[in-house]
Amino acid sequence: MNSDKIQHADITISAVSPSQYPDDGLTEIVLAGRSNVGKSTFINTMVNRKKLARTSGKPGKTRTLNFFNIENELFFVDVPGYGYAKVSNAEQNKWGRMMTDYFATREELALGILLVDFRHEPTDLDIQMYDLYKYYDIPVLIVATKADKIKKSKYNKHSSIIRKTLEIEPGDKLFTFSSMTREGRKEIWDEILTYVGDERE
């Protein structure tokens with residue numbers, strides 16, 4: 001798969017229960033992060049599209065597991081963003097059950113990506129998300145978004161804050177990313193594809 005020349009990318013289904021998950025058998029890469037961390041923008045940048053994943057002025061709008069088919073080789077699975085105060089506790093609990101059902105049972109799930117805002121210290125909910133990946137023994141890739149807002153001279157400081165706050169385990173990689181400059185896109189794709197395999201190339 002050539003990540004620079006992605007021809008096919010579309011949303012296959014928005015699922016709320018395991019019976020609705022795709023049965024293609026493709027590798028799945030799950031994406032989680034706070035409601036305003038830039039998940040939709042990340043997806044659009046990674047697949048060279050402007051509007052594949054809808055960016056919304058209303059954080060917390062994703063309420064399903066959205067499966068995006070990329071080149072008929074893998075799925076990006078966008079899960080509901082967390083930490084949006086206007087969503088009721090009952091609704092957030094429902095999302096939580098939906099996500100943990102998916103994490104616990106989905107054999108196709110190969111990698112979890114945790115998106116955090118490079119500008120800020122990870123929140124308690126970010127820590128919980130990282131720990132949830134670990135609990136279900138899902139390999140984790142941390143992507144620090146909005147890197148263009150930080151001076152290069154401050155990168156090490158912000159990276160170390162993220163590593164320390166999340167207590168990132170050895171072997172878990174942290175990438176900086178910017179949708180504006182496309183920084184990190186190729187490196188993140190290279191890492192993702194190690195979980196997909198290249199047997200179809």
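Any read-out appearing in this document is the output of simple, stated calculations on the displayed coordinates, not a laboratory observation. Remember, predicted model here, so these are calculated numbers, not experimental data. As a convention, Cβ positions derive from the backbone with ideal geometry for all residues, glycine included, and neighbour counts pool all protein chains shown.
Excluding same-chain residues fewer than 8 positions from residue 51, which lysines have a Cα within less than 18 Å of its Cα? In chain and number order, the partners are 5, 39, 61. Once the chain from residue 149 to residue 97 is taken as fully extended at 0.36 nm per residue, the excess over their C-alpha distance is 15.3 nm. Computed from label points 7 Å out along Cα-Cβ, the spacing between residue 48 and residue 12 is 2.2 nm. Beyond 23 Å in Cα-Cα separation lie the following of the pairs 50/94; 50/149; 134/173; 146/173: 50/94.
With all pairs of separate Cα atoms included, the chain yields a Kirkwood hydrodynamic radius of 17.1 Å.
With R₀ set to 35 Å, the beta-carbon distance separating residue 24 from residue 167 gives a calculated FRET efficiency near 0.50.
Extension gain for residue 131 to residue 190 (0.36 nm times residue separation, less C-alpha to C-alpha distance): 18.8 nm. Helical content alone sets the calculated 222 nm signal of the chain at -9500 deg cm²/dmol, taking -39,500 (n - 2.57) per DSSP H segment of four or more residues and averaging over every residue.
Highest average first, the peptides 26-34, 134-142 ordered by how many other beta carbon atoms sit within 10 Å of their residues are 26-34, 134-142.
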